[in-house]
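Asks: What follows is a structure written as structure tokens; I'll ask about it next.
The values are calculated or read from the model by the stated rules, or taken from the named source; none is laboratory data. Note that the coordinates shown come from a computational prediction; the quantities given were computed from them, not determined experimentally. Note that each Cβ is placed from the backbone with ideal geometry, even for glycine, and that neighbours are counted across all protein chains shown.
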Amino acid sequence: MFINNSIYLRTSSEFIKCTNLLILLASWFFTLDNSYYVCSATLTLICMAYGTLTAASPQQWLRMGAHYDLFLHSFAAVTYCLALFSLARSGFDLLIGPALAIHGVYILLKQSGSLIKVKYGFALMFIAIVKLALIDAASALLWQKVVLFIGVGAFLLFAAFWYQKLMTKMTAADTATMN
């Protein structure tokens with residue numbers, strides 16, 4: 001976050017970025033054992049997101065180009081999936097599928113405009129559906145299966161209608177600017 005403010009930090013910026021990445025990977029590894037380690041990953045993600053909001057050119061921060069936000073979305077998805085998986089004793093692992101579906105819809109609705117972002121959002125929703133169909137359906141009770149499938153199905157149906165509405169609005173705006 002403070003790399004642009006200090007010449008000392010700017011000289012060791014690559015070391016700082018690599019250290020933050022190692023902290024994030026270590027917290028993911030330790031989250032499987034104890035769910036409290038997700039706090040470290042969450043703080044690292046918050047700092048990375050804050051750094052992109054305050055930086056003059058966030059694309060150059062990790063040389064990721066125009067899709068740096070998908071890099072952060074990937075880190076966030078892995079973080080909350082590992083956190084929910086570490087709480088499997090309480091049954092929170094059933095929430096991984098709906099969380100991935102909500103995240104995918106968020107990317108579709110918020111980050112629309114780029115084909116790679118649309119594909120990424122649909123990929124998250126596809127992973128959520130596959131997890132629900134193959135893993136959760138095998139281990140959940142009948143009423144949990146019904147609630148999960150109806151809930152995610154209704155949410156995806158709503159998202160499809162909302163996305164189609166946004167696309168028609170964008171194409172109408174594009175044709176209006178061409179004329």
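Asks: Are there any pairs, at least 6 apart or on different chains, whose C-beta atoms fall under 6 Å, with the first in the range 29-44 and surrounded by fewer than 18 Cβ atoms within 10 Å (Cβ to Cβ) and the second among the hydroxyl-bearing types (S, T, Y), and if so, which?
Replies: These pairs meet every condition: F30/Y37; L32/S86; S40/S27.
Asks: Hey, another quick one. Which count do you get for residues in the range 108-159 that are of a type outside the set (A, V, I, L, M, F, W, C), buried (at least 17 other Cβ atoms within 10 Å of the Cβ) and part of a loop (DSSP other than H, G, I, E, B)?
Replies: 1
Asks: Something else now. Limited to the range 88-107, what total is found for residues that are among the charged types (D, E, K, R) and surrounded by 17 or more Cβ atoms within 10 Å (Cβ to Cβ)?
Replies: Residues flagged as among the charged types (D, E, K, R) and surrounded by 17 or more Cβ atoms within 10 Å (Cβ to Cβ) within the range 88-107 amount to 1.
Asks: Have a look at L72, L82 and point out the one that is under 17 Å from the mean Cα position of the chain (by Cα) and either at pLDDT below 85 or under 30 Å from K165 (Cα atoms) (or both).
Replies: None of the other options fit; the residue is L72.
Asks: Let me ask something else. Evaluate the following for K117: is it out of contact with any Ser or Thr (no Cβ under 9 Å at 6 or more places or on another chain) and more than 21 Å from F92 (Cβ to Cβ)?
Replies: yes
Asks: Hey, another quick one. Taking V152 as the residue in question, decide whether it is in contact with a Pro (Cβ under 6 Å, 6 or more places away or on another chain) and either closer than 20 Å to C81 by Cβ or not assigned by TED's automatic domain parsing to the domain that holds F75 (or both).
Replies: It is true that V152 is in contact with a Pro (Cβ under 6 Å, 6 or more places away or on another chain) and either closer than 20 Å to C81 by Cβ or not assigned by TED's automatic domain parsing to the domain that holds F75 (or both).
Asks: Restricting to the range 89-130, what's the tally of residues that are small (G, A, S) and within 20 Å of G153 (Cα to Cα)?
Replies: Count: 7.
Asks: Additional query: Within the range 12-68, can you find the residues that are among the charged types (D, E, K, R) and modelled with pLDDT of 80 or more?
Replies: If the condition is that a residue be among the charged types (D, E, K, R) and modelled with pLDDT of 80 or more, then D33 is the only one that fits.
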